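K.L.:
Input: one structure, supplied below.
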Amino acid sequence: MISLFTDFGSSDIYVGQVKAALSHSAPGVPLIDLLHEAPSYDACLSAHLLSALSASIPESSVILAVVDAGVGGARRPVVMEVGNCWYVGPDNGLLSVIAARAKHFRVWEIIWRPQNLSHSFHGRDLFAPITAMLATNQWWPNALVETGHLEVMFGDIDIPQVIYIDHYGNALTGLRAANVPHSAKFISGNYQLGYARVFSEAPAGVPFWYENSVGLVEIAVNCGNAATQLGLSLGSQIQLSG
Amino acid sequence: MISLFTDFGSSDIYVGQVKAALSHSAPGVPLIDLLHEAPSYDACLSAHLLSALSASIPESSVILAVVDAGVGGARRPVVMEVGNCWYVGPDNGLLSVIAARAKHFRVWEIIWRPQNLSHSFHGRDLFAPITAMLATNQWWPNALVETGHLEVMFGDIDIPQVIYIDHYGNALTGLRAANVPHSAKFISGNYQLGYARVFSEAPAGVPFWYENSVGLVEIAVNCGNAATQLGLSLGSQIQLSG
Amino acid sequence: MISLFTDFGSSDIYVGQVKAALSHSAPGVPLIDLLHEAPSYDACLSAHLLSALSASIPESSVILAVVDAGVGGARRPVVMEVGNCWYVGPDNGLLSVIAARAKHFRVWEIIWRPQNLSHSFHGRDLFAPITAMLATNQWWPNALVETGHLEVMFGDIDIPQVIYIDHYGNALTGLRAANVPHSAKFISGNYQLGYARVFSEAPAGVPFWYENSVGLVEIAVNCGNAATQLGLSLGSQIQLSG
């Protein structure tokens, strides 16, 4: 299975070109759109989101992950192996939260280059062929060189920030709920947020936090739009109360 | 074939997780996104839309249908067989319009539970594995118990309301066109809407109704946006004139 | 492989119905969403965009292309062969820019009609079955009649207009960059746009043009939204300076 995690936009012209390349080079391998609305250009917020979503990816998957403001610049293209999954993307921190939280990981720099490499679309021209190579268990000679490390590491520390807002207006944070007691209260703007197990246990209209389905602290409003009501946007800070 | 009908949002983080689960458990089975922008939380409007769209689903399909404000609450998870198709989803009325219009249907409660069941994402954790089970013709022992009925039934009556607005601004109603003579006129706000066979037969800018491609009465404006011009939104009422 | 290029909206109810039909009639053939947000109803802008994107489509593909304001009217449904690809769509100019730029092309009118042909959704009812027929190398007798030409031809001339705006706000034009020297400057509103190789070579906030990944002149702003900053929309004119 190949999973895609990008900021290419789910409705735009880019994903289709990547998938055409993948489908051509790795015929028969299922392609799953994990997310194409990752925080644009923001490798750090995206890295925390990718780390949380990666728990939903079956073993033996290859994940093409591209949030890459530096495309065409000096950042290295890399392959990373964690558990039984392969990640393919830029060495700009995007893969580093997964790496920092893993027991073991291996990293290779991609030194292969295609005959025609556009300046602005390495997702299609460079990362997709390498993803297809891994997904089909072909190993081209001299495509990868093991380097053992990522150059940009954000570390494994949880971040008390909004990393994603879903279409219901729920705000996912970079805090893993397993690290937070249910007694914890958070401050966001003028609101204090207590814990609720599920939406239906919170009074309508009252903001709360809960452990969402990917293990993160999520801010929500029963029958409401939390992001609008609390004025939250990508990167907004929240803090523990008291 | 597995078809998906949800209010998860087509650009959001949820559909990919469901598809990763399905693709892992039902490898090789095609996954079709019927709609992920079903009326949010509204099982009744969604039930009428699903009934209309189901005519486009090939036989022997499994349909995962989730519009489920009560996730994590007491509503039952069910499987329904109608014709040669299987429907998997919550027993909150979402499947009931199809049932009410069918000659025969069978219903099972899903009593199987996964080891890890999130409170908020039964689409991924509960409905997807059961969908995969059906799509691969596996029948786990003690997964389903036949109950024969749905607890929530909206009935088979057409509803004179807007059930969906497409990206062109056309407004689909819950009225089946086969039940409405071409001579019928509808009132919507300050407009009276007559019948036209196709867009090009209606004068530009004049609202009309026609039988759309899924058999419903649809309100449209040739070269215009009907929803904006008539001030229509989900649930808006229309009425027969005279 | 079947690639889809339409203005059906990527989040709407139409693409899923087309894919259900394709998946049923051409089982096992990969379906790639090239774009479903083509300029609505605008066959000319869409034709230039399709021509540029077609370079990313692997050989031996079938492309279902539908931007079809005249659906249900008199325009002919056609099949076109160019290189090793097949295009299926309306004869309203949408396929004509590819044809005009090709060395050789062949055209057939589709004379087959399904038993149930809706007035408004030939993508599902007429073009999808023919696409599946071609993708599975079946040739139904009397489905196609070779006519050799398209009735509507826009020609091969580049157009100095915005043909697409992506979700970053970059504006693709109908000018092929191979025809434009790097010394060229364009005028757009109050701005003069010089060439930059990549985003990172342009000062932040300063509009520029570059050769994008599908070979077109694209207007962009490093760390900004070009369409908003320059007031660009679909069809906006730009002109060569001096």
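FYI, it's all coordinate maths here, none of it is from the lab. In this text, all values refer to a predicted model and were calculated from it rather than measured experimentally. Cβ: placed from backbone, ideal geometry, glycine included. Neighbour counts: every protein chain shown.
K.L.:
May I ask for the equivalent-ellipsoid semi-axes of the stretch A:19-172, computed as the square root of five times each C-alpha gyration tensor eigenvalue and listed largest first in whole Å? Before the final figure, lay out each step's value.
P.N.:
Details: eigenvalues 113, 60, 52 Å².
Result for the stretch A:19-172: semi-axes of 24, 17, 16 Å.
K.L.:
On to the next question. With θ taken as phi - 60° and the coefficients 6.51, -1.76 and 1.60, list the Karplus ³J(HN,Hα) couplings across the stretch C:189-199 in order, rounded to whole Hz; mark glycine and proline as x.
P.N.:
Karplus values, whole Hz, x for Gly and Pro: x, 8, 9, 10, 10, x, 7, 9, 6, 9, 3.
K.L.:
Name the residues whose placed amide hydrogens come within less than 5 Å of the amide hydrogen of A:ILE63, ignoring near sequence neighbours (fewer than 5 apart) on the same chain.
P.N.:
Under 5 Å from the amide H of A:ILE63: A:SER3, A:TRP86, A:TYR87, A:VAL88.
K.L.:
Further question: Given a Förster distance of 41 Å, report the FRET efficiency between A:HIS104 and C:THR136 from their Cβ-Cβ distance, rounded to the nearest 0.05.
P.N.:
Numbers: r = 46 Å, r/R0 = 1.12.
It comes to 0.35.
K.L.:
Here is a follow-up. Put a point 7 Å out from Cα along the line to Cβ at A:GLY189; what are the distances to that point in the other copies, in nm, shortest first?
P.N.:
Here A:GLY189 shows inter-copy label distances of 3.0, 3.0 nm.
K.L.:
Highest GNM mean-square fluctuation, chain A, Cα pairs closer than 10 Å: which of A:ASP166, A:ASP42, A:ASP156?
P.N.:
A:ASP166
K.L.:
Is the shape of the stretch B:94-242 best called rounded, prolate or oblate, per the rule: a/c under 1.5 gives rounded, else a/b larger than b/c gives prolate, else oblate, with a ≥ b ≥ c the square roots of the Cα gyration tensor eigenvalues? Write out the running numbers ahead of the final one.
P.N.:
On the way: a/c = 3.02, a/b = 2.34, b/c = 1.29.
Prolate, since a/c reaches 1.5 and a/b exceeds b/c.
K.L.:
Other chains near A:1-7: what is the mean number of their Cβ atoms within 10 Å of each residue's Cβ?
P.N.:
Numbers: counts 5, 0, 5, 1, 2, 0, 2.
Going residue by residue through A:1-7 and averaging, the value is 2.
K.L.:
Would you kindly derive the ³J(HN,Hα) couplings of the stretch A:37-46 from the backbone phi angles with the Karplus curve 6.51 cos²θ - 1.76 cosθ + 1.60 (θ = phi - 60°), listing them in order in whole Hz, with x for Gly and Pro?
P.N.:
3J(HN,Hα) across the stretch A:37-46, in whole Hz: 10, 4, x, 4, 6, 9, 5, 6, 4, 5.
K.L.:
Can you tell me which of C:PRO39, C:PRO27, C:PRO77 moves the most in a GNM of chain C? Springs connect C-alpha atoms under 10 Å apart.
P.N.:
Judging by the Gaussian network model, the answer is C:PRO27.
K.L.:
Top mean-square fluctuation among A:HIS48, A:HIS122, A:HIS24, Gaussian network model of chain A, C-alpha springs under 10 Å?
P.N.:
A:HIS24
K.L.:
What whole-number distance in Å separates the alpha-carbon centres of the stretch C:83-104 and the stretch B:98-121?
P.N.:
Computed from Cα coordinates, the inter-centre distance equals 47 Å.
K.L.:
Related question: Please arrange C:LEU144, C:LEU216, A:LEU117 by counting, for each residue, the other beta carbons lying within 10 Å of its beta carbon, fewest first.
P.N.:
Values: C:LEU144 20, C:LEU216 26, A:LEU117 13.
Sorted ascending by nearby Cβ count, the order is A:LEU117, C:LEU144, C:LEU216.
K.L.:
Need one word for the stretch A:185-227: rounded, prolate or oblate. Basis is the Cα gyration tensor (sqrt eigenvalues a ≥ b ≥ c); a/c below 1.5 gives rounded, then a/b vs b/c decides. Could you put the intermediate results ahead of the total?
P.N.:
On the way: a/c = 1.56, a/b = 1.13, b/c = 1.39.
Cα axes put the stretch A:185-227 in the oblate bin.
K.L.:
Still on this structure: Please arrange A:THR136, C:THR173 by counting, for each residue, the other beta carbons lying within 10 Å of its beta carbon, fewest first. Display every interim value, and only then the final one.
P.N.:
On the way: A:THR136 14, C:THR173 28.
In increasing order of surrounding Cβ atoms, one gets A:THR136, C:THR173.
K.L.:
Also, quick follow-up: Suppose you put the label 7 Å out from Cα in the Cβ direction; list, shortest first and in nm with one decimal, how far A:PRO58 is from each other copy's label.
P.N.:
Taking the point 7 Å beyond Cα along Cα→Cβ, the inter-copy spacings are 2.1, 2.1 nm.
K.L.:
Using amide H atoms built in the peptide plane, which far-off residues or other-chain residues are under 5 Å from C:THR6 H to H?
P.N.:
C:LEU35, C:HIS36, C:GLU37, C:ALA38, C:VAL66
K.L.:
Could you tell me which of rounded, prolate or oblate describes the protein assembly as shown, using a ≥ b ≥ c as the square roots of the eigenvalues of the alpha-carbon gyration tensor, with rounded for a/c under 1.5 and, failing that, prolate when a/b is larger than b/c and oblate otherwise? List each step's numbers first, then the result.
P.N.:
Values: a/c = 1.40, a/b = 1.00, b/c = 1.40.
It is rounded, given that a/c, with a ≥ b ≥ c, falls under 1.5.
K.L.:
Still on this structure, please answer the following. List the residues whose amide H sits under 5 Å from the amide H of C:VAL152, counting only those 5 or more places along or on another chain, with H placed 1.01 Å from N in the peptide plane.
P.N.:
Result for C:VAL152 returns C:GLY93.
K.L.:
Just to confirm the filter: which GluC sites (Glu not before Pro) across the stretch C:48-152 are DSSP coil and have at most 10 other Cβ within 10 angstrom of their Cβ?
P.N.:
Numbers: sites: C:GLU59, C:GLU81, C:GLU109, C:GLU146, C:GLU151; in loops: C:GLU59, C:GLU151.
Sites meeting the loop and neighbour criteria: C:GLU59.
K.L.:
Next up: Rounded to the nearest 5, what is the percent of antiparallel bridges among the DSSP beta bridges in the protein assembly as shown? Walk me through the numbers on the way to the answer.
P.N.:
Values: 96 of 138 bridges.
Percentage antiparallel, nearest 5: 70.
K.L.:
For a label point 7 angstrom out from the Cα of B:ILE111 toward its Cβ, which stretches of the stretch B:47-88 have the backbone nitrogen within less than 19 Å?
P.N.:
Of the residues in the stretch B:47-88, B:74-81 have backbone N under 19 Å from the label point off B:ILE111.
K.L.:
Using alpha carbons only, how many angstrom separate the centre of the stretch A:149-167 from the centre of the stretch B:146-163?
P.N.:
Taking the Cα centre of the stretch B:146-163 as reference, the centre of the stretch A:149-167 is 45 Å away.
K.L.:
Please work out the C-alpha center-to-center distance from the stretch C:186-212 to the stretch C:1-26 and express it in whole Å.
P.N.:
Rounded to whole Å, the Cα centres lie 36 Å apart.
K.L.:
Also, I was wondering about something else. Read phi for every residue in the stretch A:130-135 and hand back ³J(HN,Hα) as whole Hz from Karplus 6.51 cos²θ - 1.76 cosθ + 1.60, θ = phi - 60°, with x for Gly and Pro.
P.N.:
Calculated HN-Hα couplings, in order: 5, 4, 5, 4, 5, 5 Hz.
K.L.:
Continuing with the same structure: How big is the Rg/Rh ratio for the stretch B:114-198, C-alpha atoms only, Rh by Kirkwood, two decimals? Write down the numbers at each step before the final one.
P.N.:
Details: Rg = 21.0 Å, Rh = 17.8 Å.
The Rg/Rh ratio comes out at 1.18.
K.L.:
At C:ARG101, label 7 Å along Cα→Cβ: distances to the other copies, nm, ascending?
P.N.:
Listed shortest first, these distances are 4.4, 4.4 nm.
K.L.:
When B:VAL71, C:VAL162 are ordered from fewest to most other Cβ atoms inside 10 Å of their Cβ, what list results?
P.N.:
Working: B:VAL71 21, C:VAL162 25.
Arranged by neighbour count, lowest to highest, B:VAL71, C:VAL162 become B:VAL71, C:VAL162.
K.L.:
Assuming R0 = 25 Å, what is the FRET efficiency of B:THR228 and C:ASN225, from their Cβ-Cβ distance, to the nearest 0.05?
P.N.:
Values: r = 24 Å, r/R0 = 0.98.
Using R0 = 25 Å, I get an efficiency of 0.55.
K.L.:
What number, in nm² with one decimal, is the all-direction average of the projected area of the convex hull of the alpha-carbon atoms of the stretch A:160-242? Could the numbers behind the result be given before it?
P.N.:
Values: hull surface 18.9 nm².
Convex hull of Cα atoms, orientation-averaged projection: 4.7 nm².
K.L.:
Based on the Cβ-Cβ distance of C:SER40 and B:GLN192, what FRET efficiency does E = 1/(1 + (r/R0)^6) give at R0 = 22 Å, to the nearest 0.05?
P.N.:
Values: r = 27 Å, r/R0 = 1.24.
Here the calculated transfer efficiency is 0.20.
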